[in-house]
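**Q** Structure in structure tokens, see below.
The values are calculated or read from the model by the stated rules, or taken from the named source; none is laboratory data. Just so it is clear, the structure is predicted and the values come from calculations on it, not from any experiment. Accessible surface areas use protein heavy atoms only, side chains included; no ligands, DNA or RNA. Shrake-Rupley method; radii C 1.70, N 1.55, O 1.52, S 1.80 Å.
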Amino acid sequence: MDRRDFPPIAIREGLINAFAHRSYLDKGRVQIKIYSDRLEILSPGSLPGGLTVQDVLAGRNYPRNHNVVYVLRYFKYVEDLGTGIDRIEDSYELDKLKRRPKLESGENFVKLTLPNQNFHFDINKTKTQQMNASSTAISETDATEKIIAFLKKNQSIRRKDVEDILSIKDTQANQYLKELVDRGIINKIATGPKTRYQLNK
């Protein structure tokens, strides 16, 4: 039986939550990233009202943008508040590999990761390769938090600092920095060899 890579209900609820509960004081954009094994929806701002990920998963809610939620409810995009995460979870009930959505929150972002229901890992990949990949990989969330932590202790950060902190190459370091600039979390100062970045205050 054919099935979609991502349950439509999960995508719908994820997008609605991202726009309904994001911080509009943050000038960053809601970002949607599609990979072979997952879809990520990243919204600016931390969880509202001091909520934790555990609170949200338990069904608690704290509408940050009452007017936005009102409009979405008027057009029947939102039903009962606090039930969107449950619908996302329920949409994966038939996944034979027991893959489940993942919700993460940091100081300046909330990220929902939806696994691809049709993705299968390469069975020819050796266990040694998998172990090496897992030991050297760093998640986007960890990278963001480490860069921000560095900037809280230092006035600015350079690409070389990011390479050293995360043990990555220059291309990936530039990618993390560009994403933080696009999200409005940091500002780029100067150009060329003197390029550095500061927290956006």
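**Q** Counting only C-alpha contacts under 8 Å and six or more residues apart, can you give the relative contact order of the chain as a whole percent? Don't skip to the answer; put the middle values down first.
**A** Values: 261 pairs, mean separation 43.1, N = 201.
It rounds to 21 percent for the chain.
**Q** Also, quick follow-up: Give a residue-ordered list of calculated ³J(HN,Hα) values for segment 76-81 (Karplus: 6.51 cos²θ - 1.76 cosθ + 1.60, θ = phi - 60°; whole Hz; x for Gly, Pro).
**A** So the Karplus estimates, Gly and Pro as x, are 6, 7, 10, 9, 7, 5 Hz.
**Q** Another question, if that's okay. Just to be sure I follow: if Rg is taken over the C-alpha atoms of segment 147-199 and Rh is the Kirkwood radius over the same atoms, what is Rg/Rh? Can you show the working numbers first?
**A** Values: Rg = 9.9 Å, Rh = 10.9 Å.
In segment 147-199, Rg relative to Rh is 0.91.
**Q** Given a 1.4 Å probe and every protein chain left where it sits, what share in percent of the accessible area of segment 1-64 is carbon and sulfur? Each step should come with its number before you reach the end.
**A** Values: 2100 of 3770 Å².
Using a 1.4 Å probe with all protein chains present, segment 1-64 comes out at 56 percent carbon and sulfur.
**Q** A follow-up question, please. From zero outward in steps of 5 Å, how is the percent of C-alpha pairs of segment 34-73 spread across the bins?
**A** Binned Cα distances yield the sequence 5, 18, 17, 23, 19, 12, 5, 1.
**Q** Still on this structure, please answer the following. Which whole-number value in Å² is the accessible area per residue of the chain, probe 1.4 Å?
**A** Working: 12970 Å² over 201 residues.
Counting only protein heavy atoms, the per-residue value for the chain is 65 Å².
**Q** In sequence order, what are the phi-derived ³J(HN,Hα) couplings for segment 191-196 according to the Karplus relation 6.51 cos²θ - 1.76 cosθ + 1.60 with θ = phi - 60°, rounded to whole Hz, with x for glycine and proline?
**A** 9, x, x, 8, 4, 8
**Q** Under DSSP H, which helices of the chain have Cα atoms covering 30 Å or more of the helix axis and a Kyte-Doolittle average no less than 1.0?
**A** Values: long enough: none.
Helices passing the filter in the chain: none found.
**Q** Separate question: Where q = 0.12 Å⁻¹, what log10 of I(q)/I(0) comes from the Debye formula for the chain, counting one point per Cα?
**A** Cα-only, vacuum Debye calculation for the chain: -0.72.
**Q** Roughly how much of SER167 is accessible, in Å² to the nearest 10, using a 1.4 Å probe?
**A** Near enough 100 Å² of accessible area.
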